[in-house]
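Since the structure comes first, as structure tokens, the remarks are kept for the end.
The values are calculated or read from the model by the stated rules, or taken from the named source; none is laboratory data. In this text, all values refer to a predicted model and were calculated from it rather than measured experimentally. No Cβ is skipped: glycine too gets one built from the backbone with ideal geometry, and neighbour counts run over all protein chains shown. The area values use the complete protein model at the heavy-atom level, side chains included, leaving out ligands, DNA and RNA. Shrake-Rupley method; radii C 1.70, N 1.55, O 1.52, S 1.80 Å.
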Amino acid sequence: MKHLETVVLKNIDVPQFYNFPAFLFLQPLLKVVRRLTVLNCKLFVLPCESTAALSKLEYMDISDNILTDLALSQMMCDGKGGLWSLQTINISRNHLLSINSQLFTNLPVSLQILDVSDNDLTTFNIELPFLTELYISGNKLRSLPDGGTYPGLAFLSIQNNNLLTLSRNNLNDYNNLTILEAGANTYVCSCDFVAFMSSNSTNHRVTIGDEFKSYTCISPDAVRGTSVADARLSVFECHAALAFTLLCSGILAVFLLVAGLCHKFSVVWYIKMTWAWLRAKRKPKLKKGELEYDAFVSYSEMDSGWVEAHLVPELEQAEPPLRLCLHKRDFIPGGWILDNIMDAIEKSHRTLFVLSQHFVRSEWCKYELDYTHFRLFDINDDAAVLILLEPIDQKTIPKKFCKLRRVMNSRTYLEWPDDDNQIPRFWQSLRAAIETPEKENENFAMDLM
């Protein structure tokens, strides 16, 4: 009996194992035991007095029992002594909830192999500087143990836990780790994790010891339930900053392209024209007898001298006088320009355009044309009367005024003559173009009187 080095107890139902009568008498034999296995014996406690006697014990397997945290603490004599030669301990498949440094204080520094698999551990934080193998699978850990507390660890099995992430940074703290088994977990398949798994065999000293297929993605949604080996992440998921920059650049480029096309093809102008035209359409049209003006005059401020010195006196002071609408004089002060223009056109028989190079270049005149163009040429009569103060190259007229170009090509317009002898004929032709049939009948009746 003095040479008894191995004790194996399996599948024995002894609820009060520590009170077994012969056990106390066997205490002298415990001092020579090197390997102890108590497997599936419903062991729930092992007194400190018994473990303290196991001074030469190197291997202990007490798996498949019902030990709790408190019972394990008592077995370890609350860190006050015992099991100084222990190198391997297997406490798997018990009822442990947490293992921390306090519970395992003063464990033998010689401990090299520890198996705490298939418990309910949520915390594992102990310092074991000479530990080379750690089996901690089948628990509820959410992260790897701190690698700094296991400087000699070469093998780590942490399968079937609640791990969510894994990367090179997590493993760099393990100075000597060469084999990792971490499958049967559901991972957040980040780009770092997928890259680490795919390049593990060639670019990292740690080797994955279990099947890649057991590493399953829980997110992103596109790869949920997929093996990490089969996961394919998009550039937006792996390079979010770059992808966001490229996306913003693409959106900006498209925006600039659309803006350029809109400017080139005058899309905004057509939208504004359509809106103005629709507004004008909704307004009730005035009957000819209700119109206030014979003509609305559209001209550039640069040509206001000619308008005020020649046009207005010649038409308004003649007999019978014509009623002209001028924006400087007749627009409502403070009113919105669009409303003023549309009202002036609606209340006028004709619209008289005084065309010149100034008119074509004038922002005001372009603005005025913008908001009157559709309304002016929506009706098929002689509502527009054109006067050319000077020759104008039609190429200088914006292409968006297509109807204005068509009118200039198809209709005879009046040109301000260079010969003073032709000026009276010019005014006579202009009055004839502006005067309405009703006005002509009125003049004829006055002549008869």
Starting from the Cα gyration tensor of the stretch 30-141, take the square roots of the eigenvalues, sort them a ≥ b ≥ c, and report rounded, prolate or oblate (rounded when a/c is under 1.5, otherwise prolate if a/b is larger than b/c, else oblate). rounded
Just list whichever of Lys10/Lys31; Lys272/Lys328; Lys42/Lys140 have alpha carbons separated by over 28 Å in the model shown. none
Can you order the peptides 136-147, 341-352 by their average number of other Cβ atoms within 10 Å per residue, highest first? 341-352, 136-147
Please list, ordered by chain and number, the residues whose modelled amide H lies under 5 Å from the amide H of Met60; skip anything fewer than 5 residues away on the same chain. Leu36, Thr88, Ile89, Asn90
For Arg93, enumerate residues with amide H under 5 Å from its amide H, sequence gap 5+ or separate chain, H modeled in the peptide plane. Asp64, Ser117, Asp118, Asn119
Rounded percent of accessible protein surface that carbon and sulfur make up, the stretch 34-128, 1.4 Å probe: 47
For the stretch 106-237, what is the accessible area per residue in Å², given a 1.4 Å probe and the full set of protein chains? 46
